[in-house]
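Here, each number is a calculation from the coordinates, and none is a lab measurement. Nothing here was measured: the structure is a model prediction, and the numbers come from that model. Quick reminder, even Gly has a Cβ in these numbers, built from the backbone with ideal geometry, and neighbours come from all protein chains shown.
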Amino acid sequence: MTAPYILVVDDEPDIRELIRDILTDEGFEVNTAASGAEARASRQRRRPGLILLDIWMPDIDGITLLREWTAEEAEPPPVIMISGHATVESAMEATRLGAWDFLEKPLSLAKLLLTVRRALEAASLRHENQRLRRYGEPLEEPAGRGAIGESLREEARRAAAVEAPVLLTGEPGTGKRTLARYIHGQGHRAAGPFVEVSAATLGEAAIAETIFGRETEGGPRYGLLERAGGGTLFLAHVEELGAEAQTQLLAALETGRFRRVDGQGEQPLNVRIIAASQWTDGRLAGQGRLRRDLFDRLAGLPLHLPPLRDRLDDLPDIVAFFADHMASVEGLPFREFDVAALNRLRQHPWPGNLRELRNLVQRLAIAGGEGPATAAEVEAALGGQGNGTPARGIDFDQPLRAAREAFERAYLEYHLEQCGGRVGEVARIAGLERTHLYRKLRALGLQNPRRG
């Protein structure tokens, strides 16, 4: 793993060099700047993972720089202020603007190292807390004591032990994002951020800037490759990348460097790529969804996630895993499933895979009830559908226009759920242009929650 990149900004040469030497000896990658102008230029060239910033400098004071940087980024890297003669007012202002900590000169080397490590750990924890609030997913290993569950765990551990790109394939709902997070959490980059994006939610014009960033007159707009620096970028629906974005990504993987949109200089690639697709390897490469050379780069470590209907030996363990999660993380009542209930679950075809099973376990936990969940409760939760089609009742006593709207909403809800929110795939199934589908989703109040 590439070491965390730290920018040291101080106008005193002895202080700069001392801090650089200490941090370099500890395994960090360090760059220095002697003035505010140099700091601006250095930050524009490359986004640091942490900044040590002097308050008093001859050209631009550190408070001004801190104010600029916190305004430019929604989630800026941690900034540690340093000063030999700071006032209470300046310290309070730095704290108000989001400075992580304040170190006084002469510096205590032990406190410097402790503060740097704690700031980096806090940044990593912040990323994880944001992810938990957004998805509520635990960082557990893949569940299941069957042959497929054991194989998935072993393949994921092997992938975590190396730095090569990983390509995850499998039907919607098979747990590709969760497995990507597990690989990240078990690997050498676990302390770094886990950043994800779905190429299906981005238009061709936006995708390059989103991933690679853009340079503007007002400063850089960092892309996800830089925001994920030191960690992992999970690129879902990779087959939706346009030709230009595929070319840029291939060049980055081949050279270890990339260029922001409208940028002059190149940035080092300090991130692991985990890509995912619901297409099989053969369809991805053979039908031209991905350039063959990009596919070969991403598929250095291919890992296929089988559908739930093919791993029914793992189903009891997965149900228990979801039930534990509902109780420990979401605060819902813990519910076991009796033997008849588990047998009924095995008979279901699970078109929505793990996502559908998780939702069912959640519904039964919310419903409560005395004792284990029964086959009758499972049958009711499945809507009495033996073929896996969701129960979406439509009132036939309403006017035709309202019934048609209800059908369209149910139809699109179903396919959005089955396609994991992938609007491009829903448009293909429905036989609609994507722009027309977006308008219809908005009209029906079904704007895709995973759209960019």
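Couple of notes before you dig in:
- Label-point gap, in nm, between Thr374 and Thr24 - each point 7 angstrom along Cα→Cβ: 7.3
- Fully extending the segment from Arg67 to Ile366, taken as 0.36 nm per residue of separation minus the present Cα-Cα distance, adds 103.1 nm.
- Cα point-scatterer Debye curve for segment 309-381, base-10 log of I(q)/I(0) at q = 0.17, 0.21, 0.23 Å⁻¹: -0.55, -0.86, -1.04
- Computed over segment 400-443, the ratio Rg/Rh where both radii use C-alpha atoms and Rh is Kirkwood: 0.96
- Under 16 Å from Lys105, Cα to Cα: aspartates and glutamates that are on another chain or at least 8 residues apart: Asp10, Asp11, Glu12, Asp14, Glu17, Asp54
- Applying 1/(1 + (r/R0)^6) with r as the Cβ-Cβ distance of Asp310 and Leu446 and R0 = 35 angstrom yields a FRET efficiency of 0.70.
- The rule of thumb for compact globular proteins, 2.2 N^0.38 Å, goes into the C-alpha radius of gyration of segment 137-306 1.02 times.
- The Cα-based radius of gyration and maximum Cα-Cα distance (Dmax) for the chain are 25.3, 83 Å.
- Between segment 239-275 and segment 53-105, the alpha-carbon centres lie 32 Å apart.
- DSSP-defined beta bridges in the chain - what % are antiparallel, rounded to 5: 10
- For segment 104-128, there are no residues whose amide N sits under 12 Å from a probe point set 7 Å from the Cα of Thr95 along the beta carbon direction.
- By average C-beta atoms within 10 angstrom, highest first, the peptides 239-248, 3-12, 329-338: 3-12, 239-248, 329-338
- Peptides 229-237, 276-284 ordered by average Cβ neighbours within 10 Å, highest first: 229-237, 276-284
- Estimated FRET transfer efficiency (Ala37, Arg157; beta-carbon r; R0 56 Å; 0.05): 0.75
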